[in-house]
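Read-outs: derived from the displayed coordinates by stated rules, not from any lab. A quick note: this is a predicted structure, and the numbers were derived from the prediction, not measured. Positions of Cβ are backbone-derived with ideal geometry, glycine not excepted, and every protein chain shown enters the neighbour counts.
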Amino acid sequence: MNPVGVVRNDCTDPAQAMQMQDAESVILVDEAFADALHMIDSCEYLDVVFHLHLPETGGRTKTGTAAGAETDADSGTVSDAAAGTGADSGTVSDAAAGTGAEPKTEPASETAGGWKRTTRSGELRGVFASRAPVRPNPVGITTVRLVARDGNRLRVTGLDVVDGTPVLDIKSCNTSHLDDAPCGASNHIHTSLLKSNPRLAIQRYIHAGDTEKLLMLAAQFHGHYCPGLAMGVMAAVHAMQELDRDNAYPDSVTDDAKPAETGGEKASGPESDGLEDLLAIVETNNCFADGVQLVTGCSFGNNSLIFEDLGKTAFTLTRRDGNGVRVISRHESPAYVREAFPEFDRHYQRVVKEKVRDDAAVAAFRKSGVERSFGTLNLDFNRMFEVQRVRVDVPEYAPSHESCVCANCGESVMATRMVDGGDVSTRGPNTPATTVENRKLCLKCAGKPYSVLDGHGIRISGG
Ligand SMILES: [Zn+2]
Ligand SMILES: [Zn+2]
């Protein structure tokens, strides 16, 4: 294995390496791997793989002297290693298989030679169950925080190795597989609840007004953080809560009779079940609309999202009875957001306008964008939005149509999106509508115009 870089810090004593975790270390990456650092600025946490190169820091030598190895299972990789080195116990498989292969060097401690060590607290642990430095292979790994990058110099905190430690690899840290908490499914009880109500966690966040959690969920859907998305979340949470208040205090229900807000299986207020009982009407197709979709559950796919191509950052939330709430972004709100986060404009100017695209500039731009998005959530709602109570002309439930098969492309098509494309007289009275003899064509095959919704809004295409 060839090192890709080296650690530079003020620590020369392995026994002190743990103390380095609070201080900064620099990882000096070899020029040969400069391009391997591309976009590393966007990683806040990195896994650093390094060579435990000093015999006393675990570098297992063939002549390893088996001093009384005392390690600390709970803590660092290196600091406690000064106490001893690993005895050479022959092949790893011997040790792992528990064949009882005796070490070539007689161990001084009762555990040396095998892969168990007594920790400082007196606990006996296998090396695979600890971070002890004396290991089958002299390889260490530590998750660090990237403080800043200056060319091929990475300033990090959390590294617990001595000056001069060879770095073997650097990886972006990824623990997402361990964490299903964002959707609330962190245990099997939650998982089963979510199977009966997939929007449980979202409803909880709406009730609690936890716009930050909702923004995180919305961004999973939207792909990035931006103030527009944050505004969509804010507007939608407000509308959901307002309809919720209507629902929670109907005239016929006294406060005493009202079900408790917490602990109840059924949350009060609007609940989108994706079956069109709650409808959202958005007035433009931009980032704002995705925040609305996530929070309200009214989406393009479940026919609960209505699009009015008006180019306004506004949306209406309504129940089937037509009692709705319309939330409109005030014309002053973009300036208000801009002034609240001047940093972002500076980075925007550099990266977008002046097209400075080096890693550091792009990373700084993204970081400030994220900060501005989350920061937007804490701005004064009333300075950003106007709220109206509105009566809405609610459309009928979306009809379901049978499907036919296009005589030309053979693809299944909703019946209302087909046109006659040929000699209908050839079709017998009992011919199923889905057969080729139907001579029905899809709009595309028939060369007829059809509506398209894209970044420009609704337009007519083809024909
Ligand atoms: Zn966006
Ligand atoms: Zn077709």
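Only counting other Cβ atoms within 10 Å, I'd like C409, C173 sorted with the fewest neighbours first. Let's see the in-between values first.
Values: C409 12, C173 16.
Ordered from fewest to most neighbouring Cβ atoms within 10 Å, C409, C173 come out as C409, C173.
Extending 7 Å from Cα along the Cβ direction at I458 and again at E354 yields two label points whose distance is 4.4 nm.
Between their Cα atoms, which of K213/K367; K353/K444; K213/K353 are more than 29 Å away from each other?
Violating the 29 Å Cα-Cα cut-off are K353/K444; K213/K353.
Looking at the stretch 363-396, none of the trypsin sites (Lys or Arg not before Pro) sits in a DSSP loop with at most 16 other Cβ atoms within 10 Å of its own Cβ. Remark: D359, D22 ranked as D22, D359, counting other beta-carbon atoms within 10 Å and listing the fewest first. Taking the fewest neighbouring Cβ atoms within 10 Å as the starting point, the ordered list for I460, I202 is I460, I202. In a fully extended conformation the segment linking E339 and D380 would gain 13.5 nm over its present Cα-Cα distance, using 0.36 nm per residue.
Qualifying GluC sites (Glu not before Pro) in the stretch 333-379, where qualification requires a DSSP coil assignment and no more than 13 other C-beta atoms within 10 Å, comprise E354.
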